[in-house]
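Before any comments, here is the structure.
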Amino acid sequence: MSPESAPVLPPPAAGAASAASAASGAPRFAAAVANPKVMRHALTTNEKLFVGPFLKSLLYTFSRMFKKDITRRYPEQKMENKPSLHGVPVLVMKEDGAPRCVACGLCEFVCPPRAIDIQPGETDRPIEREPKSFVIDMLRCIECSYCEEVCPEEAIVMSTDYEVVGRRREDFVWDLKKLLKPIAQLKDRIAWVRRTYRRWDSNADASAPPEGGVYRDPRWAGKSKPVDHH
């Protein structure tokens, strides 16, 4: 008999399987247990009075009181700030007080929580554009450093500041006045960024930029340092 001529059997009735299961005495679900046995731990007299566990916990506490601390007593003991620390993002301010930022919008575009808002404007300087308004909502910022990684001008970096406090929501919305930091305070972080994101020549020492190193950015090809076109 060919498959095409084979008879088609009708589907079983909706209650046929349930009726067969009930007739056989089997549970409806495989995990079902008619009379589950619950194992209970019988408490001893010592456990009921809670004297033994209480004395045991006190003994453990007193044994640890005079040992060396394994935690930092914050805020009395501050964390050691290293250039690799991912603190809050800040903007780099040049020696003349102007921001390095050219309002390209890359950091605003790449920010995962949409914490950055930039309003660009024209300027008489050779860069043609600069931020008229640059705002970062620190309540949204997750300090991922994406903005730092994509910035072509090294204008926004992660600082070593990690304490963000305020009494109102407005205190956590930082504008240009609060974001701008002198470049002298951020030199260590900028050097760390150049090493980490491989902006130096591939033959350069990974531990420190060599004297007269060459940037890998094609705009700075053959140059010993970025072109200051600001």
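The values are calculated or read from the model by the stated rules, or taken from the named source; none is laboratory data. The structure displayed is predicted, hence computed values, not measured ones. Using ideal geometry, Cβ is built from the backbone for each residue, glycine included, and neighbour counts are taken over all protein chains shown.
Key figures for this structure:
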| item | result |
| --- | --- |
| Residues that are among the acidic types (Asp, Glu) and at pLDDT 95 or above, drawn from region 109-143 | Asp117, Asp137 |
| Options Glu108, Glu76, Glu130; residue that is closer than 20 Å to Leu186 by Cβ and of a type outside the set (Gly, Ala, Ser) | Glu130 |
| Helices (runs of 4 or more DSSP H) within region 1-90 that include 1 or more residues over 30 Å from Tyr162 (Cα atoms), at pLDDT 55 or above and of a type in the set (Val, Ile, Thr) | 45-49, 51-65 |
| Candidate set from region 170-207 (those that are touching a helix residue (DSSP H, G or I) at 6+ places or on another chain (Cβ under 7 Å) and farther than 30 Å from Gly121 by Cβ); member that is modelled with the lowest pLDDT | Ala206 |
| Hits in region 100-120 - residues which are closer than 15 Å to Leu180 by Cα and among the β-branched types (Val, Ile, Thr) | Val102, Ile116, Ile118 |
| Unique match (being surrounded by 15 or more Cβ atoms within 10 Å (Cβ to Cβ) and under 16 Å from Leu179 (Cα atoms)) among Gly97, Gly87 | Gly87 |
